[in-house]
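This report concerns only the one structure given below.
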Amino acid sequence: AQSVTQPDIHITVSEGASLELRCNYSYGATPYLFWYVQSPGQGLQLLLKYFSGDTLVQGIKGFEAEFKRSQSSFNLRKPSVHWSDAAEYFCAVWRDDYKLSFGAGTTVTVRA
Amino acid sequence: GAGVSQSPSNKVTEKGKDVELRCDPISGHTALYWYRQSLGQGLEFLIYFQGNSAPDKSGLPSDRFSAERTGGSVSTLTIQRTQQEDSAVYLCASSFEGQGGYGYTFGSGTRLTVV
């Protein structure tokens, strides 16, 4: 079965510092992978997605993610975080039965 | 519409009452999904609509939950005889048919509190 694991429940980072959120997937074929962000009281917003091709994917808000097949990972990065990046981040894999399967999420706190 | 619209944004109800949650997807999106987000439980798939039919209801947690979609557009999720464990954020998402693999567009959710 396809699944997604986000090992970090909560990360605290200083404003201006770099951020990396981990995501590992279990899937038997080439996965479709996504990162979503959820600000407090809001729905989920798509940050970026990977289908094939270039393994480094650029997204909105200055985020990027790198697909590494050998490590079954799709980690999200941002070189310099802003206070507005405080949110919950979800990694997801597209299941070929039309469902998105989500990780448990990582909450990011940004300190001044 | 321009985005996925959900109403109400917040709902407080007494245990045992019925509630209806509404989702208005992006115009032209034929696929519609309901998810539930509970504290500490992550995002749980509830039901998927393809047009007006629901080929997958496997995520509905009990027979107190039902959903329908009319006109290939608006969907209503109904919870009968609400229980405290139904308290959660209910998220709706939509996509073009067969293009869910490109990512869904989510609404802002309905926060349901059962007291």
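The values are calculated or read from the model by the stated rules, or taken from the named source; none is laboratory data. If you're wondering where the values come from, they're calculated on a predicted model, not measured in any experiment. Heads up, the Cβs are rebuilt from the backbone with ideal geometry, glycines too, and the neighbour counts pull from every protein chain shown. Ligands, DNA and RNA are stripped out before the accessible areas are found, and what is left, the full protein with its side chains, is counted by its heavy atoms. Shrake-Rupley method; radii C 1.70, N 1.55, O 1.52, S 1.80 Å.
Structure values in brief
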read-out	value
Chain pair B, A: total accessible area buried, heavy atoms, 1.4 Å probe, Å²	1500 Å²
Bins of 5 Å, starting at 0 and running to the largest distance - Cα pair percent for the protein assembly as shown	1, 7, 14, 18, 18, 16, 12, 7, 4, 1, 0
Highest average packing first - A:71-84, B:22-35, A:51-64, Cβ atoms within 10 Å	B:22-35, A:71-84, A:51-64
Accessible area in square angstrom per residue, the stretch A:3-111, 1.4 angstrom probe	46 Å²
Formal net charge of residues neighbouring B:V4 (Cβ-Cβ distance under 14 Å; K, R +1; D, E -1)	+1
Peptide B:105-115 - average C-beta neighbours from other chains (10 Å radius)	2
Solvent-accessible area per residue, Å², over chain B with all protein chains present [probe radius 1.4 Å]	46 Å²
Of all accessible heavy-atom area on the protein assembly as shown, the percent that carbon and sulfur account for (1.4 Å)	46 percent
Nonlocal Lys pairs with alpha-carbon distance under 26 Å, the protein assembly as shown (8 or more apart, or different chains)	12
Solution diffusion estimate, µm²/s, Stokes-Einstein, chain A, Kirkwood Rh from C-alpha pairs, 20 °C, viscosity 1.002 mPa s	153 µm²/s
Kirkwood-Stokes translational diffusion coefficient of the stretch B:5-98, alpha-carbon pairs, 25 °C, 0.890 mPa s, µm²/s	183 µm²/s
Whole-number percent relative contact order across the stretch A:3-111, with pairs defined as alpha carbons under 8 Å at least 6 apart	38 percent
